[in-house]
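Student: Below is a structure I'd like to ask you about.
Nothing in this text is a laboratory measurement; each read-out follows from the coordinates by a stated rule. The structure presented is a predicted model; accordingly, all values stated were derived computationally and were not measured. All Cβ positions, glycine included, derive from the backbone under ideal geometry; neighbour counts span all protein chains shown.
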Amino acid sequence: MHSFSKTLIGSLFVLSPLSAAMAADQVHQLPVITNTVANIVEQDSQKTLAAVTVINREEIERKQFTSLQELLRTVPGVTYTNSGGLGQPTSISIRGTGSTAVLVLVDGQKLGSATSGQTSFEHLPVDQIERVEVVKGPRSSLYGSEAVGGVIQIFTRKGTQNGVKPFASLKYGSHETYDANVGVNIRQDNSWATLSLAGLKTQGLDVTTLPTETDKDGYENYSASIKAGHQFNDQFAADFNVLYVNGETNYDSPYNLNPYNKVEQNVYGVGFSYSPVDLWKTQLKFGRSEDKYETFSADKSTGVFDTTKDSISWLNTLSFNANNTLLVGVDYLNDQVDSTTNYDEKERDNVGYYAQYLGDFGRVNLQAAIRLDDNEQFGDHTTGNAAVGYSFNDNYSTFVSYGTAFRSPTFNDLYYPGWSNPNLVPEESENIEIGFKGSQWLNWSVSAFHNEIDNMISGGTNIAKAKIKGVEAEFGQSLGNFTWNLNYTYQEPEYNSGATKGNQIAGRAGQLLNVSADYTMDKWTLGGSVHAEDQRYKDAANTTSFGSFATADVRLTYQATPEFSVQAKLANMFDKEYYTVYDSFDDYYYRQDGRTAWLTLRYAMK
């Protein structure tokens, strides 16, 4: 706690004089940033009645992110646990909720394992990502199950410039890490396409503190994505997308010889859009996502867990005028399991019916949504969301919202041999939030939230409860050639039932801090970032904890020409030793990277 407080005070101390010193420069309002994740339709994020963060391709390249989890932990309220560096198991938490309570979409398609309920973030390469949108708070009224803590929407690469525009990057880093990406954006008249190929290979680090396992645990990842579409006329358009990811991870285990796993994550989508009249737009989408996981020991397969999600969605947007929009939709999802483990059930269907109203009445804005999910396993479940916003003027506004959400039990919860329970019902949540937003010379937002979760699944029963309350604040500004951003989260994620009632939820930090700044002078851009987290407890009894920690990165970009740049980054520059995962059964930790260095060559035709 003391270390975290020093980091927070120090960050404010550094930013304040820098900002003041450059106040003489012209202050630039940050550009308008839109999102679709909060309400499905595109909106200005400053006017969205929810807490939303958007990270685009320019920021990904400027901050030289090396993994998706590194990118996501810069978002207010988001943290992760990782079992040993690149390619090792990673889970994401939003506002203190568990990883199974976070919905992940890739180009609109639900992603994740139907058996574990988790998404393998560690295998999704940042080279394939154009944009990431995160909305925090309940969104089951639009997306159904899992949207309890929030929704992460990932968009794969897509160019916007006319002509044929190739791009490429080559990166070398610590642990003998090689990372390459090559692709091309094509846009001509009413047609467009993007193709991207990427590959990564690293020797890795020794991921655990096990004294009997001292070898390095390597990782390989190969991926490809393609996106294409055509606007046939003013009324009709079609597009499709494919993402293929293949990863192989070595790891340590006291019970297996040379263990490793192979993972495939594939996403396919086809969409059609038709506007018969100005006020009506109808969209039909077909999608599939695959999560294939196989474990090996001594080069022999020891287990297969393959899951598939097939989906169909039909969305109708009725824009009665510029101020009143109604969305009506229905979606179908089929989960399938193919495994060497004998599950009692291997398939289930879910049909969701939903509607949302968006109203703009000058200073007052309204949002209301309701959804009915009809699930083959547990029956009907209804969720809703409502928000009202008030604009004091063009630059300052406030909102208050209430929403419910749920998480369906996974196939492991319901049917895994030995400890499952087929009579489980969905976890449920209620969330109240109030927020304030401002723009002009400074973009800022502050949100306070209170979330209560019932019927939490623990030990094969719906007995656990949780209560999570907190405050998030984010500030960003552009002063001439100097840009900075700061966000801080204070939260109290607590158990709300049983012997551990009032204790902090294991693995969740109470405070999070991110600070980032960049200064450009001619062809050079110098930047740095600080990430800090308060202590996390290892157990529900709160007897032992991981200590608080802070890491600092420094980065440099030389823009040699408008198309070619050279970048360097020193991550965790003070070589901070910290842990986020502990194996209590065998008493060992999973290591995190110490100081690492990266060099990147980047080309993009303008």
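Student: Extending each Cα 7 Å along its Cβ direction at TYR332 and TYR222, get the distance between those two points in nm, one decimal.
Tutor: Distance between the two pseudo-spin positions: 3.6 nm.
Student: Over the alpha-carbon set of the range 492-533, work out the extent along each principal axis and list the three values in angstrom, largest first.
Tutor: 61, 12, 9
Student: Can you pull a Stokes-Einstein diffusion coefficient for the range 44-188 at 4 °C (1.567 mPa s), Rh from Kirkwood over Cα pairs, as a whole number of µm²/s? Please report the intermediate quantities before stating the final value.
Tutor: Details: Rh = 16.3 Å.
My calculation gives 79 µm²/s for D.
Student: Okay, moving on. Cut-off under 27 Å on the C-alpha distance; same-chain residues fewer than 8 positions from LYS110 excluded. Which lysines are left, in chain and number order?
Tutor: Those lysines meeting the cut-off are LYS47, LYS136, LYS158, LYS227, LYS262, LYS281, LYS285, LYS292, LYS309, LYS346, LYS465, LYS467.
Student: Here's a follow-up. Compute the Cα gyration tensor for the range 366-477, then decide on rounded, prolate or oblate, letting a ≥ b ≥ c be the square roots of its eigenvalues: rounded whenever a/c is under 1.5, prolate when a/b is larger than b/c in the other cases, and oblate in all that remain. Walk me through the intermediate numbers first.
Tutor: Numbers: a/c = 3.49, a/b = 2.33, b/c = 1.50.
Here the range 366-477 falls in the prolate category.
Student: Can I ask one more? Normalising by the residue count of the range 2-604, find the relative contact order in percent from Cα pairs under 8 Å and 6+ residues apart.
Tutor: Details: 1732 pairs, mean separation 75.7, N = 603.
Relative contact order for the range 2-604 comes out at 13 percent.
Student: Taking all pairs of distinct Cα atoms, average 1/r, flip it, and tell me the Kirkwood hydrodynamic radius of the range 552-603 in Å to one decimal place. Numbers along the way, then the final one.
Tutor: Values: mean 1/r = 0.0750 Å⁻¹.
About 13.3 Å for the range 552-603.
Student: In sequence order, what are the phi-derived ³J(HN,Hα) couplings for the range 348-359 according to the Karplus relation 6.51 cos²θ - 1.76 cosθ + 1.60 with θ = phi - 60°, rounded to whole Hz, with x for glycine and proline?
Tutor: My calculation for the range 348-359 gives 7, 10, 9, 10, x, 10, 8, 8, 9, 10, 10, x Hz in order.
Student: On to the next question. What is the packing order of peptides 431-438, 321-328, 176-183, 142-149, taking the mean over residues of other C-beta atoms within 10 Å and listing the highest first?
Tutor: Working: 431-438: 19.2, 321-328: 14.0, 176-183: 17.8, 142-149: 27.1.
Result, highest mean Cβ count within 10 Å first: 142-149, 431-438, 176-183, 321-328.
Student: Need the list of lysines near LYS576 for cross-linking: C-alpha distance under 16 angstrom, and skip anything on the same chain fewer than eight residues off.
Tutor: LYS6
Student: Cα centroids of the range 212-291 and the range 125-187: how far apart, whole angstrom?
Tutor: First find each Cα centre; the distance between them is then 10 Å.
Student: Using only DSSP helix segments of four residues or longer, with each worth -39500 (n - 2.57), what per-residue ellipticity at 222 nm results for the chain after dividing by its residue count and rounding to 500?
Tutor: Details: 5 runs with 40 residues, N = 606.
-2000 deg cm²/dmol, from helical runs alone.
Student: While we're on this one: Could you tell me whether the range 112-259 comes out rounded, prolate or oblate from its Cα gyration tensor? Rule is a ≥ b ≥ c as square roots of the eigenvalues, rounded for a/c under 1.5, then prolate if a/b exceeds b/c, otherwise oblate. Write down the numbers at each step before the final one.
Tutor: Working: a/c = 3.06, a/b = 1.52, b/c = 2.01.
Judged from the Cα gyration tensor, the range 112-259 comes out oblate (a/c at least 1.5, b/c at or above a/b).
Student: On to the next question. How would you order 309-315, 339-345 from highest to lowest mean count of nearby Cβ atoms within 10 Å? Walk me through the numbers before you get to the answer.
Tutor: On the way: 309-315: 17.3, 339-345: 13.4.
Ranked by mean Cβ neighbours within 10 Å, highest first: 309-315, 339-345.
Student: Under 1.5 on a/c is rounded, so check that first for the range 2-604, then, if it is not, pick prolate when a/b is larger than b/c and oblate when it is not; a ≥ b ≥ c are the square roots of the alpha carbon gyration tensor eigenvalues. Don't jump to the answer; show the numbers that get you there.
Tutor: On the way: a/c = 1.19, a/b = 1.03, b/c = 1.16.
The shape class here is rounded.
Student: So, one more: So for the range 457-580, averaging the separation of alpha carbon pairs under 8 Å that are six or more residues apart and normalising by length, what relative contact order in percent results? Write down the numbers at each step before the final one.
Tutor: Values: 279 pairs, mean separation 21.1, N = 124.
17 percent.
Student: Let me ask you something else. What residue among SER420, VAL207, VAL78 has its Cα farthest toward the positive end of the dipole of the chain, where the charges are +1 on Lys, Arg and -1 on Asp, Glu, each on the Cβ?
Tutor: The Cα lying farthest towards the positive end belongs to VAL78.
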